[in-house]
1. Out of the residues in the stretch 607-660 that are touching a Leu at 6+ places or on another chain (Cβ under 6 Å), of a type outside the set (Lys, Arg) and not in a strand (DSSP E or B), which is surrounded by the most Cβ atoms within 10 Å (Cβ to Cβ)?
2. For the stretch 556-578, how many residues are without any contact (Cβ under 8 Å) to a residue 60 or more places away in the chain and more than 27 Å from the chain's Cα centre (by Cα)?
3. Give the stretch 537-595 a look and list any residue that's over 26 Å from Lys468 (Cα atoms) and touching a His at 6+ places or on another chain (Cβ under 8 Å), or say none.
4. Quickly run through the stretch 511-525 and pick out the residues that are over 22 Å from Gly493 (Cα atoms) and surrounded by 20 or more Cβ atoms within 10 Å (Cβ to Cβ).
5. Return the only residue of Thr322, Thr330 being of a type in the set (S, T, N, Q), within 18 Å of the chain's Cα centre (by Cα) and closer than 28 Å to Gly393 by Cβ.
6. Restrict the check to the stretch 323-341 and report whether at least one residue is surrounded by fewer than 21 Cβ atoms within 10 Å (Cβ to Cβ), modelled with pLDDT of 95 or more and among the hydrophobic types (A, V, I, L, M, F, W, C).
7. Just one of the numbered conditions (1) farther than 19 Å from Ala186 by Cα; (2) assigned to a helix (DSSP H, G or I) is not true of Asp309; which one?
8. Within the stretch 95-126, track down each residue that is of a type in the set (Ser, Thr, Tyr) and closer than 21 Å to Arg609 by Cβ.
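The values are calculated or read from the model by the stated rules, or taken from the named source; none is laboratory data. Since this is a predicted model, take the numbers as computed values, not measurements. All Cβ positions, even for glycine, are placed from backbone atoms using ideal geometry, and neighbour counts span all protein chains on display.
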Amino acid sequence: MQLSQAYRNKIYAGVLGKMIGVYLGRPVEGWPYQTIIDRFGEIPYYVNNELDLPLIVADDDLSGTFAFFRAVEDNGFPTEVTAEQIGKTWLNYIIEDRSILWWGGMGNSTEHTAYLNLKRGIPAPESGSIRRNGPVLAQQIGAQIFMDAYAMMCPGDPEKANRLVRACAGVSHDGVALDAAGFLGALEAAAFDERDLNKPFDSCMAYVETDQLRSLVDDVRNICAAHSDWRKVREVLDSRYGYHLYPGPCHMIPNHAMVLSAILCAGDDFAQSVKIGASAAWDTDCNAGNVGCFNGIRLGLEGMETGPDFRGPVADRLLVITSDGGEGITDAVKETRRIVRAAERTRGLEETPQPPRFAFEYPGSVQGFMPCPYESFPKAEFTLGNGNMEGAGDGLRVHFAALAEGANASVSVATFLDLHEEYRNYETYVSPTLYGGQTVVLKADCPCERGPAMRPYVWYTDRDNNLKKEAGPWEQLGPVTREIRWTVPDLGGLPVLRFGVEFSSVKRYTGDVFLRSADWSNTPVRLEQKGIMMKDMWDLNPFWAKMFVSSAKNFAPNLNCTYCISHNEENGVATVGTRDFTDYTVSSRLKFSLHRQGGLVVRSQGHRRYYAAVLTGGDTLRIIKRMDEREIVLAEAPFAYEQFVPCALSLRAEGSRLTARAGDVELTAVDEDQPYLRGAAGYLVDGGAMFIDGFLLEGV
């Protein structure tokens with residue numbers, strides 16, 4: 001038996017609700033309450049355009065929620081995941097000083113302080129404890145902003161949700177912050193089965209451990225019962241629980257009170273609840289995100305349809321910024337699948353078969369597809385939706401008003417960063433999800449016997465940041481679902497920005513086409529960058545180089561070679577690729593300056609989980625496995641090399657076998673102990689610098 005469809009749909013609604021709340025509140029995060037009122041009155045809908053900001057942003061609330069949840073999968077789906085395991089997940093996926101967290105410094109930022117504790121070898125939950133960090137830092141809001149995925153993997157089981165959420169929050173927080181996060185997680189789990197607000201609020205009080213939180217919850221419920229206007233509620237909350245009463249940059253108490261108040265004041269109105277969360281100031285994106293997740297679960301997808309069209313502009317799009325760059329461009333459906341899989345595996349249920357990358361299996365889902373923004377002169381009018389909302393089965397529904405000769409239509413999805421969009425606030429580090437040399441498999445149909453023609457295409461950018469397009473052959477569609485396979489041409493190692501499908505018809509076509517699925521879960525035949533790719537000495541951060549995600553202190557193109565990587569500590573890593581990459585060989589010519597060791601990385605699943613072929617000490621070739629804090633030598637052999645003398649190095653991964661070659665020396669290792677079977681490729685250097693002449697990845 002699998003997890004019920006009702007639970008799966010509510011998990012999807014919870015993920016969407018979290019995203020909607022964050023996107024609603026993010027543009028006014030940090031604004032004083034009066035400033036929000038003066039400028040907008042309220043925030044009932046997205047205001048990003050009015051502030052000249054992108055809607056889809058790399059927000060810490062979203063990246064942390066879905067990145068830290070990977071501890072479940074990365075540790076083999078244990079029934080109980082521990083704070084220590086989640087802490088190791090922090091170190092694996094966070095790019096220090098750049099991603100997910102507010103890097104405000106030791107003793108100022110709670111999460112930064114906890115991260116530095118973890119890095120120094122202090123395990124969670126000690127890393128976030130009051131004993132270690134004091135009562136102010138340990139009781140800020142962060143405990144409840146990263147925890148929703150753990151609650152959603154426990155549908156109908158608030159007791160387990162409370163435990164897992166406390167483990168998640170305990171990496172960086174303690175005290176009433178831990179208590180509040182656990183309570184909210186229990187509420188979310190209970191909301192899968194109970195729509196009446198009073199019942200989960202009553203029953204989940206059993207998981208509250210501190211008198212402070214117990215008193216707060218009772219008081220908030222009484223305040224909300226006494227006032228029908230949320231603004232009056234907010235006024236009372238400010239007088240009793242405002243920021244001026246609690247030390248630190250962003251304390252849990254005011255924000256938790258506001259989250260509960262938004263839920264209680266709005267009742268069964270999803271739109272009203274996220275509006276309150278975003279309008280009431282304090283930590284607007286965190287609060288609206290928690291509120292949206294809870295009410296997404298409780299009220300379901302239909303609850304989102306009673307107010308503004310929150311789903312349309314979002315189109316399921318999501319960024320999760322980690323060192324595992326190939327997982328960065330994602331969507332609500334993909335993250336829902338992860339949570340569903342964890343729920344099924346940890347409950348001992350039959351696992352739902354994993355569908356293609358784009359299968360559109362949830363009601364109304366479009367998984368990031370939209371009218372292609374790179375088509376300068378669109379001519380055919382069409383709308384996008386999902387066939388499952390029209391009784392036509394799962395699939396991206398493209399409805400044409402008049403598709404005809406000279407009036408083609410194109411829909412596409414992001415596979416990398418947008419060339420022209422400015423990424424502000426939290427920095428955005430991702431690798432493309434699609435590469436030249438990968439094979440795309442599509443399935444599509446339409447109701448008519450001789451329907452429109454369709455062809456796949458990609459947009460990519462050349463070295464001068466000019467947009468280029470490559471397209472496959474046209475295929476005729478009809479009522480029988482047709483499978484179309486297309487191998488993306490070699491693009492010279494340059495990044496694919498978008499994948500799409502174009503439609504044409506000789507005679508006017510009015511009606512539907514259904515894209516049933518799209519997938520490219522395979523290793524590229526060949527991915528190569530070679531030579532000096534910089535245009536000049538001022539070309540310091542070319543767009544094409546952003547496809548590598550680096551946690552090294554310095555990684556950049558170089559005027560004397562392709563790249564240089566430098567890191568003054570251990571474990572400076574830069575990778576490109578995705579978890580679709582399985583068996584392949586990576587090779588390069590490397591030249592070392594100062595270093596402890598350096599070489600090539602394969603099957604990276606974050607920057608503390610990978611294999612590498614390294615040269616060390618001027619006399620040794622090794623194959624190593626990095627697994628969190630451990631570096632395991634799988635094989636080694638003598639090999640003499642010198643600083644600043646180029647050395648050809650390659651590493652092949654095929655099944656559980658690894659083969660390294662340096663010069664004429666070949667070294668083999670077999671890893672049967674929890675082997676990494678897929679992941680990105682790249683470079684590693686410890687304590688020094690390495691000059692890189694070319695990057696070549698070839699599928700086996």
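1. Phe639
2. Kept after step one, since they are without any contact (Cβ under 8 Å) to a residue 60 or more places away in the chain, are these residues of the stretch 556-578: 556-557, 559.
Keeping just the survivors that are more than 27 Å from the chain's Cα centre (by Cα) gives 559.
The total comes to 1.
3. The answer is Ser551, Ala552, Lys553, Asn554, Asn571, Val573.
4. Our first condition is that a residue be over 22 Å from Gly493 (Cα atoms); within the stretch 511-525, this holds for 511-518.
Asp512, Val513, Phe514, Leu515, Arg516, Ser517, Ala518 - these are the residues of the stretch 511-525 that are over 22 Å from Gly493 (Cα atoms) and surrounded by 20 or more Cβ atoms within 10 Å (Cβ to Cβ).
5. Working: Thr322 fails: closer than 28 Å to Gly393 by Cβ.
Being of a type in the set (S, T, N, Q), within 18 Å of the chain's Cα centre (by Cα) and closer than 28 Å to Gly393 by Cβ holds for just one of Thr322, Thr330, which is Thr330.
6. The answer is no, given that none of the residues of the stretch 323-341 is surrounded by fewer than 21 Cβ atoms within 10 Å (Cβ to Cβ), modelled with pLDDT of 95 or more and among the hydrophobic types (A, V, I, L, M, F, W, C).
7. (2)
8. Ser99, Tyr115, listed by residue number.
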